[in-house]
Amino acid sequence: MKFLTVRAVPIVSWSSSHPHNLKPSFLTLFFLVFGLTIFGLGETLLIAAGAGVSPWTVLAQGLGAQVGLSIGWATFVVSVMVLLFWIPLRQIPGLGTIFNAVVISIVIEVSLPWLPKPDAYALQFVEAFVGVLLVGVGSGIYLTARLGAGPRDGLMTGLQKLTGYPIAWVRTSLEVSVVSLGWVLGGSVGVGTLLFAFGIGPAVSCGLYGVRLIFGDQQLR
């Protein structure tokens, strides 16, 4: 269970020296896109499973119900609020922040028609579980490019630096807090939602630990 103790994104041979690097190496871009592709496939599996939306979507549903916004606009508002939290946490956006939105959207659009949409509860659970695992592992891979994180991952890494706690516990606490608030506001919670809330932290930590185990970590030398 050593992967649960990971406290930082490892620095490896392809890691960018700064998020604002506009001319990253081929390897840096490769692992950025590769990680985000796995991330997007995991998101698509969660959607196809039909076992419940992600905690952040639950929050958007609840917010929309309270202030009269559509789910799309509520999601936008939540994303802006998350990015505003980046300011005191001193998180820096970069190419990875942009790629996060573009690559994941493309993967969902392309892969969703081909993935199974089971009716059996057990199969929905398995598909959702695999989806959460892939989102976490994909996050762990793309974050090592150090070209900027997506809104939620940036909030996670910022809070980790602030608190010093392991990434798994920071992300789990964040997701559970978000889904709890969304549920109180009127959002709908399913088994897939709870699986994501409690599983994504360990899954991200597992992805980071795997990269560090295979490729090393220059921070530890």
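Counting neighbouring beta carbons within 10 Å and listing from fewest to most, the residues ASP153, ASP119, ASP217 come out as ASP119, ASP217, ASP153.
Shown is the FRET efficiency for VAL77 and THR163, computed with R0 = 41 Å from the Cβ-Cβ distance and rounded to the nearest 0.05: 0.95.
Rounded, prolate or oblate: which fits the stretch 1-50, taking a ≥ b ≥ c as square roots of the Cα gyration tensor eigenvalues, rounded meaning a/c under 1.5, else prolate when a/b beats b/c? Oblate is the answer for the stretch 1-50, as a/c is 1.5 or above yet b/c matches or exceeds a/b.
At R0 = 22 Å, how high is the FRET efficiency between LEU181 and ILE98 if r is their beta carbon distance? Nearest 0.05 is fine.
Numbers: r = 28 Å, r/R0 = 1.26.
Efficiency at R0 = 22 Å is approximately 0.20.
Annotation: aspartates and glutamates with alpha-carbon distance below 20 angstrom to LYS161 (same-chain offsets under eight excluded): ASP153, GLU175, ASP217. Each residue, SER105 and HIS18, gets one label point 7 Å from its Cα in the Cβ direction; the gap between the two is 2.8 nm. With a ≥ b ≥ c the root eigenvalues of the C-alpha gyration tensor of the stretch 17-161, is it rounded (a/c under 1.5), prolate (a/b larger than b/c) or oblate? Taking the square roots of the gyration eigenvalues as a ≥ b ≥ c, the stretch 17-161 is oblate.
Within the chain, the whole DSSP H helices whose Cα atoms reach 15 Å or more along their own axis and whose mean Kyte-Doolittle score is at least 0.5 are 26-49, 55-67, 71-89, 95-111, 121-143, 167-185, 191-215.
Computed on the stretch 26-220, with alpha-carbon pairs under 8 angstrom and 6+ residues apart, the relative contact order is 39 percent. Overall shape: oblate for the stretch 61-103, with the ratio a/c of the largest to smallest alpha carbon gyration tensor axis at 1.5 or above and b/c at least equal to a/b.
Can you sort TYR142, TYR121 by how many other beta carbons sit within 10 Å, fewest first?
Details: TYR142 30, TYR121 10.
Arranged by neighbour count, lowest to highest, TYR142, TYR121 become TYR121, TYR142.
Read-outs: derived from the displayed coordinates by stated rules, not from any lab. All values reported here derive from a predicted model rather than from experimental measurement. So basically every Cβ, Gly included, is an ideal-geometry build from the backbone, and we count neighbours across all protein chains shown.
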